[in-house]
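Notes for the one structure printed next.
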Amino acid sequence: MRTWVKVMREQGAREGEPRGYDGIRRYLTNLQPTLTAWTTTADVTSLREITVDQVENAVDGVPRGLTLSGLRQDRILDEAAESADPLRLMRLFGITEQTAMRYVTAAHPERTAKLPK
């Protein structure tokens, strides 16, 4: 994990824009279930031991052309459908109040009040 954080902070071999620690935390939180599954079921002790087949199995069933951004949006929408709490969405995903409200409105159109024009 330390190596991933260093790379994401642009302390690795490639140049680029460093990510903030909050972004890195969210990124690793999204990856944690897969990483945990690999370390418990694949009997590996290091991420260097993960094979191409294991990565392909982890993304098996994901439609071609689906982006990480699309997956994130789907995850946020699913959370909005489950909790309908914009503050929770803001804390969990690091989004603005307006964005959180758009997700809640999209997930629960029946709960949004119709304002007179």
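Derivation of every value follows stated rules applied to the coordinates shown; laboratory data play no part. If you're wondering where the values come from, they're calculated on a predicted model, not measured in any experiment. All Cβ positions, glycine included, derive from the backbone under ideal geometry; neighbour counts span all protein chains shown.
Per-structure values
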| item | result |
| --- | --- |
| Computed lengthening from L87 to T45, 0.36 nm per intervening residue step minus Cα-Cα distance | 11.4 nm |
| Net lengthening on full extension, Y21/L68 (0.36 nm per residue, minus Cα-Cα) | 15.0 nm |
| Cβ-placed point charges (K, R +1; D, E -1), dipole of the stretch 67-112 about Cα centre in debye, nearest 20 | 140 debye |
